[in-house]
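The values are calculated or read from the model by the stated rules, or taken from the named source; none is laboratory data. What you see is a predicted model; the values in this text were computed from it and never measured. Ideal geometry is used to build each Cβ from the backbone, glycine not excepted, and the neighbour counts take in all protein chains shown. We work out accessible area using only protein heavy atoms, side chains counted, and drop any ligands, DNA or RNA first. Shrake-Rupley method; radii C 1.70, N 1.55, O 1.52, S 1.80 Å.
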Amino acid sequence: MADHKQGFIERWLYSTNHKDIGTLYLVFALVMFFIGGAMAMVIRAELFQPGLQLVSPEFFNQMTTTHALVMIFGAVMPAFVGLANWMIPLMIGAPDMALPRMNNWSFWIMPFAFTLLLMPLMLQVLFGIGSGGPAGGWTLYPPLSLQGGTSTAFTIFAIHLMGVSSIMGAINIIATVLNMRAPGMDLLKMPIFVWTWLITAFLLIAVMPVLAGAVTMLLTDKFFGTSFFDAAGGGDPVMFQHIFWFFGHPEVYIMILPAFGIVSEIIPTFARKPLFGYQAMVYATASIAFLSFIVWAHHMFTVGMPLGAELYFMYATMLIAIPTGVKVFNWVTTLWRGSISFETPMLFALGFVVMFTIGGFSGLMLAIVPADFQYHDTYFVVAHFHYVLVTGAIFAIMAGAYYWLPKWTGYMYNETLGKWHFWLSTIFVNLLFFPQHFLGLAGMQRRVPDYNPAFADFNMWSSIGGFGFGLAQLLFVYIVWSSVRGGVKAEARAWPSARGLEWTVPSPAPHHTFEKPPVIKDGDLAHGDVSH
């Protein structure tokens, strides 16, 4: 315990403790969530009414591009890595992560990566220096992404650093899960959250080098005279799209599989029933991960692919609906005839199931080739992926934060405020994104700062929803801060019906846990007898 009482700098800068590093990731993700959210507020303020009001079209493009990069690589992924760092060793009975020094390194790369990403934008906004941030869209399609100044290089180097961090984190999770499980915990007895992260880690290792290759070719095209993606020099800009989406589509599942794991932990707890179809859940997760590699070009139906390719990618995409449907069926069946209570983690988990399913249905609509010709690059696509990523990934992260907060801080959060946070978030997030389906169906393009006055009403409602959702998140910060400061002491098993190794350690979890590995006597985590 002695190293826990060291100075502030030593504890947080040099930490190799999985709990401290998990906290660092979670705090970093929260800060980036608000930075990315501020960019979204600029976008929604500009779109509140037709015409160019607040920002130039170029700055608007910088906002849409940087908002996406910050939210994906700065908020959602680090939040999931923070949850993994905190919970995986506790869930499998490991004393720490397998590679603790690398764990520290993989976190501290992140602040430097985002300093690089945001520096050109900040220099322009604060001091009027340079051409500003990247403006080619988060997908960085050439030739548009090659138009900017030095921001292209800054963005590409930032992406390389994020990739290095992600790969190191993934290696650490795989090494920990495969080598450090408590005696008696077979692979098919692991908590679902651990399974989803194990599969996600393999996805990360497979796809981050692909992104690195794509952006390196962009870099050499811009600064070293190559022409990988320049048609004038014999290159092909559509090749970039193929390479990018071979990374980009598994990346979507990297951001949702851990969410499935969190929800699969929470629903059984508050339904007071074991998870229905545990093995089906594991196999469905693995199936989704495999299928995610063979559907990338459904993002590219409009580039002029052969008919055979369009048919293949359409049917392969629809296939993903099957294992995803299995998951939704299992969650609903777990709820069936359960003794359900609606604490804040359960509300966020149920909100996830309902609203993620809406995102799944709009995704199926986008999978249909002739329909996609109409939907492509409209606000229908924006509505689709925000239902998956905001009411999907971010709602699951919120659910996990409320669920494990007593284990982290040792205090219960304010349940009334938690429910206010859920309902405000749910109402405003639907006001924000649901009208965008109608905007897209009516033909409004994405990434445009001005639009036809016919779209004015839906945009106004969408912007009001955006500001409401953003303000609701300040309540979340207050709830977390209040829980950290003190209050009602949490029991070791903060939720009486919770099962699993993490609930056998005191709340707050000691700085060091499981120095002597626990033995799981009958191999059944749901109801098993765990001894220390």
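A few notes on this one:
- The simple Förster model, with R0 at 41 Å and r as the Cβ-Cβ distance, assigns residue 53 and residue 512 a FRET efficiency of 0.15.
- Distance cut-off 24 Å, percentage of C-alpha pairs in the range 185-318 lying past it: 46 percent
- Heavy-atom accessible area for residue 221, with the other protein chains in place and a 1.4 Å probe, reaches approximately 20 Å².
- Residue-count net charge about residue 378 - beta-carbon cut-off 14 Å; Lys, Arg +1, Asp, Glu -1: 0
- Using 0.36 nm per residue and subtracting the Cα-Cα separation, the extra length available between residue 157 and residue 280 on full extension is 40.2 nm.
- Solvent-free Debye scattering, log10 I(q)/I(0), computed from the Cα coordinates of the range 30-179 at q = 0.12, 0.19 Å⁻¹: -0.57, -1.09
- Kirkwood hydrodynamic radius of the range 106-195, from inverse mean 1/r over distinct Cα pairs, in Å: 15.7 Å
- With both labels modelled 7 Å from their Cα along Cα-to-Cβ, the residue 178 to residue 329 distance reads 3.2 nm.
- Taking every alpha-carbon pair within the range 291-397, the share separated by more than 21 Å comes to 42 percent.
- Nonpolar atom fraction for the chain, defined as the carbon and sulfur part of the 1.4 Å probe accessible area, stands at 70 percent.
- Solvent-accessible area of residue 189 with every protein chain in place, 1.4 Å probe, in Å² to the nearest 10: 90 Å²
- Compactness ratio for the range 39-82: Cα radius of gyration over 2.2 N^0.38 Å (N = residue count) comes to 1.38.
- Relative contact order of the chain, pairs being alpha-carbon contacts under 8 Å that are 6 or more residues apart, as %: 17 percent
- Subtracting the Cα-Cα distance of residue 31 and residue 227 from their residue separation scaled by 0.36 nm leaves 66.7 nm.
- With a cut-off of 18 Å on the backbone N, the residues of the range 488-503 near the modelled label site 7 Å out from residue 521 along Cα-Cβ are 499-503.
- Debye equation applied to the C-alpha atoms of the range 353-396, log10 I(q)/I(0) at 0.16, 0.20, 0.33 Å⁻¹: -0.38, -0.56, -1.08
- Nearest-0.05 FRET efficiency for residue 294 and residue 216, computed from C-beta distance (R0 30 Å): 0.80
- Alpha carbon convex hull of the range 334-493, volume per residue in cubic angstrom: 126 Å³
- Taken over the chain, lysine pairs spaced eight or more positions apart, or on distinct chains, with alpha carbons under 17 Å apart number 6.
- Each label point was placed 7 Å from the Cα along the Cα-to-Cβ direction; for residue 337 and residue 9 their separation is 6.3 nm.
- Within the chain, helix-based [θ] at 222 nm, where runs of 4 or more DSSP H residues each add -39,500 (n - 2.57), nearest 500: -22000 deg cm²/dmol
- Karplus 3J(HN,Hα) series, Hz, for the range 436-441 with 6.51 cos²θ - 1.76 cosθ + 1.60 (x for Gly, Pro): 5, 4, 5, 4, x, 5
- Between residue 272 and residue 464, the simple spin-label model (points 7 angstrom out along Cα→Cβ) gives 4.1 nm.
- Calculated over the range 341-422, the projected area of the Cα convex hull averaged across directions stands at 6.1 nm².
- D_trans [Stokes-Einstein, Kirkwood Rh over alpha-carbon pairs] for the range 1-68, 20 °C, 1.002 mPa s, µm² s⁻¹: 145 µm²/s
- For the pair residue 16 and residue 492, a Förster radius of 30 Å applied to the C-beta separation gives a FRET efficiency near 0.75, rounded to the nearest 0.05.
- Here the range 416-430 is scanned for amide nitrogen atoms under 19 Å from the site 7 Å beyond the Cα of residue 474 along Cα-to-Cβ, giving 417-429.
- Peptides 355-363, 148-156, 392-400 ranked from most to least packed, by the mean per-residue count of other Cβ atoms within 10 Å: 392-400, 148-156, 355-363.
- Residues whose amide H falls under 5 Å from that of residue 377, counting only those 5 or more places apart or on a different chain, are absent, with hydrogens built in the peptide plane.
- Remark on the chain: Rg and Dmax equal 22.8, 69 Å (Cα only).
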